[in-house]
Amino acid sequence: MNENRAQRVLRQHVQTDRLLGAEAVPIGQRPLFQQTSQLPNRHPTLDRPAKSRVLETMDTEQVRGCTKCGLCHSRTQTVFGEGDPDAQLMFIGEGPGQNEDQQGRPFVGRAGELLNKQIKAMGLERQQVYITNIVKCRPPNNRTPAPDEVAACADYLRRQIATIQPRVIITVGAPATKVLLQTREGITRLRGIWHSYSGLEPDGPAIGVMPTFHPAFLLRAYTPDNRRKVWSDLQQVMAKLAQSAT
């Protein structure tokens, strides 16, 4: 990254943090993803137009030209995320596949079609939620993202969550769930149980996290039992959103 671009990216980081209400940047590192039992209320800090501007600038000025990891060499284009910037519900998956890499949109293949059906079954439309992945470039052959690739995108994901501040996050599949909750537990043990994303604390709220199976897994193992489990997970989210709205 040349000096001019580095300065531009740094300015955007500062501007984004200011919009999100940050007055200082902590020195040192702390875990971005922690697990607690608290399920929060929503405390939005930006209106929808401001959130749209933050997300669009992050995408166009930083993510599209990102060269932080080796995935930049094999991608067709980056896949930042899409949906309502003021969404109450956020879906986070593993990474773009071939269709996503070609179109620049998350979840647009067969798995995306199934996700759309799940969203509609919840009484929502795709444009009412926000959908993204833990990495913004397609891993070769759709493999699981490597740790250094996840780390390269971690700040983008954290700032997406900080900007949108959804009431609930649904992690689809084991990789996204393990990253967000910082755990090695498998998706079978984690799904169906409320967890919490605490990466915005102490200045921002904890956010309820519901892990569930990835739509691509359901397409491979579309059994009545697996479908019941996913529908149970989604029903819990629907109940939580309804409770928060009252």
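The values are calculated or read from the model by the stated rules, or taken from the named source; none is laboratory data. If you're wondering where the values come from, they're calculated on a predicted model, not measured in any experiment. Cβ: placed from backbone, ideal geometry, glycine included. Neighbour counts: every protein chain shown. When the accessible area is computed, the model is the full protein with side chains, heavy atoms only, and any ligands, DNA or RNA have been set aside. Shrake-Rupley method; radii C 1.70, N 1.55, O 1.52, S 1.80 Å.
Some points to look at:
- Cross-chain or 6+ apart pairs with Cβ under 6 Å, segment 60-71 first and under 13 Å from L157 (Cβ atoms) and modelled with pLDDT of 95 or more, then part of a loop (DSSP other than H, G, I, E, B) and open to solvent by less than 70 Å² (accessible area, probe 1.4 Å): V63/T78; V63/F80; V63/K136
- Here I92 passes the criteria (1) assigned to a loop (DSSP other than H, G, I, E, B); (2) under 18 Å from the mean Cα position of the chain (by Cα); (3) of a type outside the set (S, T, N, Q) except the one numbered (1).
For (1) buried (at least 17 other Cβ atoms within 10 Å of the Cβ); (2) out of contact with any His (no Cβ under 8 Å at 6 or more places or on another chain); (3) touching a residue at least 60 places away in the same chain (Cβ under 8 Å), each residue gets a yes or a no:
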site	(1), (2), (3)
V79	yes, yes, no
A87	yes, yes, yes
G93	yes, no, yes
P147	no, yes, no
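- Boolean, R143 is closer than 28 Å to Q235 by Cα, out of contact with any helix residue (DSSP H, G or I) (no Cβ under 8 Å at 6 or more places or on another chain), open to solvent by 10 Å² or more (accessible area, probe 1.4 Å) and not β-branched (V, I, T): no
- Single condition R167 does not satisfy, out of (1) at pLDDT 95 or above; (2) under 28 Å from D101 (Cβ atoms): (2)
- Scanning segment 150-173 for residues that are open to solvent by less than 30 Å² (accessible area, probe 1.4 Å), part of a helix (DSSP H, G or I) and among the small types (G, A, S) yields a count of 3.
- Residue within segment 224-245 that is outside any helix (DSSP H, G or I) and open to solvent by 10 Å² or more (accessible area, probe 1.4 Å) present: no
- Matching residues, segment 174-194, being under 30 Å from D47 (Cβ atoms) and open to solvent by less than 10 Å² (accessible area, probe 1.4 Å): A176, L180, L181
- Hey, G83 buried (at least 18 other Cβ atoms within 10 Å of the Cβ) and at pLDDT below 95 or not: no
- Given (1) among the hydrophobic types (A, V, I, L, M, F, W, C); (2) out of contact with any Cys (no Cβ under 7 Å at 6 or more places or on another chain); (3) at pLDDT 95 or above; (4) open to solvent by less than 60 Å² (accessible area, probe 1.4 Å), number of the condition A206 does not satisfy: (3)
- Among the numbered conditions (1) out of contact with any helix residue (DSSP H, G or I) (no Cβ under 6 Å at 6 or more places or on another chain); (2) of a type in the set (A, V, I, L, M); (3) closer than 22 Å to V54 by Cβ, the only one that L181 does not meet is (3).
- Residue within segment 18-30 that is open to solvent by 70 Å² or more (accessible area, probe 1.4 Å), modelled with pLDDT under 50 and of a type in the set (D, E) present: yes
- The single condition among (1) open to solvent by less than 40 Å² (accessible area, probe 1.4 Å); (2) closer than 21 Å to D233 by Cβ that G65 does not satisfy is (2).
- Search result, residues across segment 205-214 that are in contact with a Leu (Cβ under 8 Å, 6 or more places away or on another chain) and over 16 Å from Q235 (Cα atoms): A206, I207
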